[in-house]
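J.: Structure provided below as structure tokens; questions to follow.
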Amino acid sequence: MSKVLVTGGTGYIGSHTIVDLIDNGFEVISVDNLTNSNEDSLDGIEKITGVRVKNYRVDMVNLAALLDIFRENPDIIGVIHFAAYKLVGESVEKPLQYFQNNLGGLINLLTCMNTFSVPNLIFSSSCSVYGNSEELPVTEATPFQEAESPYARTKQMGEHIITDYARANPGSHSVILRYFNPAGAHESALIGEAPSNKATNLVPVITETAIGKRDSMTVFGDDYDTRDGSCIRDYIHVMDLANAHTKALQYLLAGKDRTNCEVFNLGIGEGVSVLEAIKAFEKVSGKPLNYEIGPRRPGDVVAIYANNRKSAEELGWKPERDIEVIMQSAWDWEQQRSA
Ligand code: NAD
Ligand code: WQD
């Protein structure tokens with residue numbers, strides 16, 4: 001069996017990706033220092049797949065400890081790199097921590113991969129690299145605009161670091177995946193988004209409000225130039241996203257990459273407004289949501305959604321779940337974890 005190292009494997013997208021990798025016959029090990037997750041997700045993965053995944057509780061900023069993992073596992077064929085800090089607001093307050101963690105971890109990982117001749121890397125990037133794009137939908141060729149936050153800048157810089165590494169190491173093979181707005185949970189409700197940090201993303205804020213963890217929630221602005229005045233995003237179900245990683249790895253292993261550093265957008269290719277997302281939640285849950293309209297949130301882009309044609313054509317990836325499936329699975333997960 002081919003062994004894959006997943007960094008950030010106990011986190012939200014990492015844990016769902018591990019399930020999809022195991023379902024597709026890969027062996028997985030994880031490295032996660034549990035700064036924004038805990039090992040309960042490994043229990044969920046085991047219940048779903050029957051496989052107990054080993055997690056190395058190691059900080060990727062510690063190069064010596066990371067090298068030890070590669071030394072102990074000389075049969076790693078590829079790495080999927082999720083481990084990073086991801087809170088946009090926090091990154092504005094603590095930019096150095098974000099640069100140190102997100103870029104320090106990446107540089108250490110590339111050093112290990114170079115040292116142990118592990119060729120295949122899949123990197124979690126973000127639609128935030130596009131900034132406030134004038135072009136919609138955005139394609140992989142749409143130029144980066146100024147990053148709206150230090151977090152987004154770590155993703156832009158991470159992409160540049162990988163591109164330069166690929167250029168200097170022709171035997172390496174990297175795929176950069178730009179996620180749009182990941183949401184939802186595994187259909188079993190055994191794993192889902194369970195951050196140690198307070199949720200700030202729209203979908204968990206909606207489910208936490210509906211279950212009563214919050215009294216109400218705020219829609220950040222309804223006076224934008226969009227069809228209903230609220231912001232537009234491309235919400236992608238986490239299991240569709242997870243499957244794109246498996247497909248990207250299979251694509252690298254089959255030698256299908258045209259250059260040794262390829263970039264793909266991962267979104268459904270359609271925009272959904274905040275008010276439409278709330279309506280979808282109310283429809284699947286049968287619960288009216290207690291929300292108010294508030295002022296715009298600083299730094300929000302008005303609208304962004306993906307052109308996902310390249311992922312469809314080259315990876316053979318097709319997202320299958322829409323905003324209602326996202327809301328249903330997020331709601332099932334919220335009810336399960338609050339029970
Ligand atoms: P997450 O916080 O749930 O998972 C990241 C995991 O990495 C956490 O479990 C955390 O403990 C671990 N980690 C962080 N720093 C580490 C370090 N130095 N050493 C070891 N482990 C470390 O986040 P997620 O939503 O699963 O995001 C995964 C990746 O996808 C991140 O790189 C994130 O920036 C990117 N991304 C996320 C979104 C999103 O909205 N969730 C969107 C676009 C891109
Ligand atoms: C979505 C929409 C809000 C909460 C962020 C990062 C991006 C990527 C995904 C990592 C916006 C509105 C939200 C609330 C609201 N992450 N909203 N009330 O900002 O699109 O993207 O997560 O890479 O880089 O920037 O996601 O879920 O915060 O917001 O009205 O309480 O929901 O204004 O329009 P965002 P989000």
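J.: Quick check on my filter: what residues within region 270-279 are surrounded by fewer than 18 Cβ atoms within 10 Å (Cβ to Cβ) and not in a helix (DSSP H, G or I)?
T.: Hit for region 270-279 is GLU270, nothing else.
J.: Give the number of residues within region 121-137 that are more than 10 Å from ligand 1 (Cβ to nearest atom), over 15 Å from GLY8 (Cα atoms) and buried (at least 22 other Cβ atoms within 10 Å of the Cβ).
T.: Final tally of qualifying residues: 1.
J.: With respect to GLU262, is the statement that it is modelled with pLDDT of 95 or more and more than 29 Å from ILE76 (Cα to Cα) true?
T.: The answer is no for GLU262.
J.: Keeping to region 108-146, report how many residues are of a type in the set (A, V, I, L, M), within 25 Å of PRO95 (Cβ to Cβ) and in a loop (DSSP other than H, G, I, E, B).
T.: Counting residues in region 108-146 that are of a type in the set (A, V, I, L, M), within 25 Å of PRO95 (Cβ to Cβ) and in a loop (DSSP other than H, G, I, E, B) gives 0.
J.: So, one more: Would you confirm, using the coordinates I've provided, whether ASN265 is within 16 Å of ligand 2 (Cβ to nearest atom), among the polar types (S, T, N, Q) and open to solvent by 50 Å² or more (accessible area, probe 1.4 Å)?
T.: no
J.: Given the condition under 19 Å from PHE281 (Cβ atoms) and charged (D, E, K, R), answer yes or no: does some residue in region 173-180 qualify?
T.: Within region 173-180, not a single residue is under 19 Å from PHE281 (Cβ atoms) and charged (D, E, K, R).
J.: What single numbered condition from (1) surrounded by fewer than 18 Cβ atoms within 10 Å (Cβ to Cβ); (2) in contact with a Gly (Cβ under 6 Å, 6 or more places away or on another chain) fails to hold for PHE180?
T.: Among (1) surrounded by fewer than 18 Cβ atoms within 10 Å (Cβ to Cβ); (2) in contact with a Gly (Cβ under 6 Å, 6 or more places away or on another chain), PHE180 violates only (1).
J.: Condition first: more than 17 Å from VAL31 (Cα to Cα) and in a helix (DSSP H, G or I). Now tell me which residues in region 86-107 satisfy that.
T.: Across region 86-107, the qualifying residues are VAL88, GLY89, GLU90, SER91, VAL92, GLU93, PRO95, LEU96, GLN97, TYR98, PHE99, GLN100.
J.: Hey, another quick one. Answer with yes or no whether ASN55 is crowded, with 16+ Cβ neighbours inside 10 Å, in a loop (DSSP other than H, G, I, E, B), away from ligand 2 (no atom under 16 Å from the Cβ) and not β-branched (Val, Ile, Thr).
T.: no
J.: In addition: Identify, from the list ARG214, ARG227, ARG178, the residue that is under 22 Å from ALA277 (Cβ atoms), among the charged types (D, E, K, R) and within 15 Å of the chain's Cα centre (by Cα).
T.: The conditions single out ARG178.
J.: Here is a list of conditions, (1) outside any strand (DSSP E or B); (2) at pLDDT 95 or above; (3) within 16 Å of ASN181 (Cβ to Cβ), and GLU282 meets all of them except one; can you say which number that is?
T.: Only one criterion in (1) outside any strand (DSSP E or B); (2) at pLDDT 95 or above; (3) within 16 Å of ASN181 (Cβ to Cβ) is unmet by GLU282, namely (3).
J.: Give region 64-85 a look and list any residue that's surrounded by fewer than 16 Cβ atoms within 10 Å (Cβ to Cβ) and either of a type in the set (A, V, I, L, M) or in a helix (DSSP H, G or I) (or both), or say none.
T.: Within region 64-85, ALA64, LEU67, ASP68, ARG71, GLU72 meet the criteria.
J.: Show the residue pairs meeting these rules: Cβ distance below 9 Å; 6+ apart or different chains; first residue within region 34-54 and in contact (Cβ under 8 Å) with a residue 40 or more places away in the chain; second residue open to solvent by 60 Å² or more (accessible area, probe 1.4 Å) and assigned to a helix (DSSP H, G or I).
T.: Cβ pairs passing all conditions: ILE48/ASP23; VAL53/GLU46.
J.: Kindly indicate which of ALA242, ALA254 is open to solvent by less than 20 Å² (accessible area, probe 1.4 Å) and either within 9 Å of ligand 2 (Cβ to nearest atom) or not β-branched (Val, Ile, Thr) (or both).
T.: On inspection, the qualifying residue turns out to be ALA242.
J.: Also, I was wondering about something else. Return a yes/no flag: does region 199-211 have any residue that is of a type outside the set (Asp, Glu), out of contact with any strand residue (DSSP E or B) (no Cβ under 9 Å at 6 or more places or on another chain) and under 25 Å from LEU103 (Cα atoms).
T.: Within region 199-211 (the criterion being of a type outside the set (Asp, Glu), out of contact with any strand residue (DSSP E or B) (no Cβ under 9 Å at 6 or more places or on another chain) and under 25 Å from LEU103 (Cα atoms)), the answer is yes, since at least one residue qualifies.
J.: Anything in region 1-46 that is within 16 Å of ligand 2 (Cβ to nearest atom) and within 16 Å of LEU66 (Cα to Cα)? List them, or say none.
T.: THR7, GLY8
The values are calculated or read from the model by the stated rules, or taken from the named source; none is laboratory data. Here the structure is a predicted model, which means the values were calculated and not measured. Please note: Cβ atoms are built from the backbone with ideal geometry, for glycine as well, and neighbour counts cover all protein chains shown. Side chains are part of the model used for accessible areas, which takes the heavy atoms of the whole protein and leaves out ligands, DNA and RNA. Shrake-Rupley method; radii C 1.70, N 1.55, O 1.52, S 1.80 Å.
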